[in-house]
Each structure stands twice: as structure tokens, then as C-alpha cells.
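Worksheet for the structure shown next.
Nothing in this text is a laboratory measurement; each read-out follows from the coordinates by a stated rule. Keep in mind that this is a model prediction, so the values were computed, not measured. Cβ sites come from the backbone with ideal geometry, for glycine too, and all protein chains shown count toward neighbours.
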Amino acid sequence: MSDVLAVADHRRGKLRDVSRELVTAGRALADDLGGKLHVAVIAGDVEAFADRLSLAGVDTVHTVDATAEFNHDLFAGATAALFEAVSPTALLVPNSVNGLDYAPAVANRLDLPLVADAVDLSYDGGLVATREMYGSKVETTVEVSEEPFAVTVRGGEWPAAEEPAEASIEPFDYEFDESASGARVQGYEEVGAGDVDIADAEFLVSVGRGIEEEENLELIEELVEVTGATLSSSRPIVDNGWLPKNRQVGQSGKQVTPDVYLAIGISGAVQHVAGMKGAETIIAVNTDPNAPVFDVADYGIVGDLFDVVPALVEEFA
């Protein structure tokens, strides 16, 4: 009983990035425990998802072939059944809309202590989980001595596992009677849907209140065009109605993990940083040398964006 069971996340036929991040988090915790990492794939195209999750660090992928989309009763029941079959020390679930739907039900059913929204995990005779509170202004450490335990893991906090491997793929027989389920998916609506999904972008140029006026967005859009980037923003730009909600990065917007994140005129409030700190490379442009964004930036330019951006456009044109 020293293994870790992590449950993958998918939506509308697409495996979510947090699933591969769970592999990284789960492998590290399994190493601390001296056990194996099991990954569960419930519903959807389980064979394709299992192949994609056959990654270095994963010992076994368990598949539960059922409905195409998420169902509370299915995920709660299948996860509980898998947990009882595998008998792990730790259950890891994404801190996503779906994960937050069924993880508490599983913890209640199995009488497990549950730590929600963890941003770091370790094990030293007991679980040590780090959480953020008050808009990420305060970090707290939660110690759990009771075992086994369950944790929901925040996306964007661990690097996504990439290296393919030959994990064992084992179908798990779980009978789900959909007609007896009290949960029904009536439809699906993408909140804030638009022409692009910034969460999938490899290069984001993000603009903040430093742009001053809506018409100045044309300058940023010119940079986006010559670099082949995708345009995103901080919350004030959306609140002003200058860009749609689907372009917002941050706790109240979208969490993004691009290869490059270029923040222009963004001060770096904790709510915004929480949504982009998982980027591979962060570049910041701001007139204030003490702007918080420079604390997370890999490269910083202290200067007026109205001077810097035209220079960048000229360089890349």
C-alpha cells in the first residue's frame, strides 16, 4: 500500500494537459512512497488516451470503457472501485471542473482525508501538501498523517510528462448502469468560447492596463501578426470590454502554459501570475522596475511599451 493512483482528465474527446502533469506529480510522490504509479482513464476513447498516457514513470494504465463524456456517478463509482482494487496510499485527481465534481464524493465514500487545490506535494512519514490562499498571496502547508489520502492537484504547477514509454495497459471491468444514474449530461456549452483557445497557444503576447487606450491595441495586434503569436490579456482589458473573456489569463480567466509568454504593460498581480507562471519562458515589458511581473520573468525589459513594441515589430517584420 505505497502506490499512487492518478485519474486522467478529458473533455469532449480531448485529453487535458493536466493529465500529463498528474503523471509528473504522481511519479514524484510514488518515488517518495517507494511505490508504483497507476493512471486511470475513465470513459471516452480510452484506448487512445491510454496510449498517450503510456509515459515514462507510469507503471500501469487502467482503462474503464463507458460513456463518451463525463458522468458524476460513473467517475465517482469507477474511481472508488479502482481505488479498492489497487489499494494505493494516494489518490490524485485534477483540481478541474470535473475533478472537483467527483473527488469529494469518492473521498466521502472511502472515508479519505481530502486536500484540495495542491500546488506542491511531498511525503515524509505523511503527506505534506502546499496550498495557496487569499488570491495566492499566502502559501500554507497542510500535513496529513492519516493514510490513505486524496488530493486534487492544480493544473500548471508541474511540468507535463512527455517521454513515451511502454506502460502496462489493463482494462478494468466496471459495470455502470447509466439508466440508474441520477446524473444526466443535458448539453455542453463552452463558457467564453471564441475564435481561439489561448490555453492551446505556444506563443502568447499578453497585454495589460499599460496599453492605456483601446485604440492602442492595434500596436499589440501588429506584433502578434509579425511574430505568429496569439493575443491574450490581463483582466482589466476584458473588464473594459476591449477584448472578449476567452482572451483573459489568470485565476478568473484561463490558465496557460505556452512555450513563450510575452507580458506587455502587465504589472503582475498574483491573480494574473497564477494563470501564466507555468509558461516555459516568460518575458516582461514594463516601465516600473519594481513591477511584480519581473519576479517571475525569465527576461525583463524596463521601458515604455510604446517604444519597445515598435522596435520588436521592426525586428520581426
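Pull up the cross-link candidates among the lysines for K245, meaning alpha carbon to alpha carbon under 16 Å and not fewer than 8 places away within one chain. Cross-link targets: K254.
Sorting the segments 31-39, 293-301, 149-157 by their residues' average number of neighbouring beta-carbon atoms within 10 angstrom, most packed first, yields 149-157, 31-39, 293-301.
Using every pair of separate Cα atoms, the Kirkwood estimate puts the hydrodynamic radius of region 216-282 at 12.1 angstrom. Rg/Rh for region 198-316 (Cα atoms only, Rh after Kirkwood) is 0.91. Straight distance only, please: which aspartates and glutamates reach the Cα of K277 with their own Cα at less than 17 Å, same-chain residues fewer than 8 apart left out? Result set, ordered by chain and number: D17, E21, D117, D120, E132, E139, E157, D200, E202, D259, D295, D298. For the chain, the share of DSSP beta bridges that are antiparallel, to the nearest 5, is 25%.
Multiply the residue gap between A183 and D124 by 0.36 nm, knock off their C-alpha separation, and tell me the result in nm, one decimal place.
Numbers: separation 59, 0.36 × 59 = 21.24 nm, distance 3.91 nm.
Result: 17.3 nm gained on full extension.
About the centre of its Cα atoms, region 4-180 shows a dipole size close to 460 debye [charges on the beta carbon of Lys, Arg (+1) and Asp, Glu (-1) only; nearest 20 debye]. Ranked by the mean number of other Cβ atoms within 10 Å per residue, highest first, peptides 110-120, 276-286, 167-177 order as 276-286, 110-120, 167-177. Phi angles across region 60-72 convert, under the Karplus curve 6.51 cos²θ - 1.76 cosθ + 1.60 with θ = phi - 60°, into 3J(HN,Hα) values of 9, 10, 9, 10, 10, 7, 8, 5, 6, 10, 5, 9, 4 Hz, Gly and Pro given as x. According to the Cα-based calculation, Rg over Rh for region 132-243 is 1.09, with Rh computed by the Kirkwood formula. Reducing region 65-104 and region 231-273 to their Cα centroids gives an inter-centroid distance of 31 Å.
The peptide list 92-105, 56-69, put in order of mean Cβ contacts within 10 Å with the highest first, becomes 92-105, 56-69.
Spread over its residues, the convex hull of the C-alpha atoms of the chain is 140 Å³ per residue.
Projecting the Cα atoms of A167, H38, T152 onto the charge dipole of the chain, computed from C-beta unit charges around the Cα centre, puts T152 farthest toward the positive end. Over region 9-165, the fraction of Cα-Cα pairs per 5 Å bin, rounded to whole percents and listed from the shortest bin up, is 2, 9, 19, 24, 23, 14, 6, 2, 0. Taking the Cα centre of the chain as reference, the dipole from Cβ charges on Lys and Arg (+1) and Asp and Glu (-1) amounts to some 680 debye.
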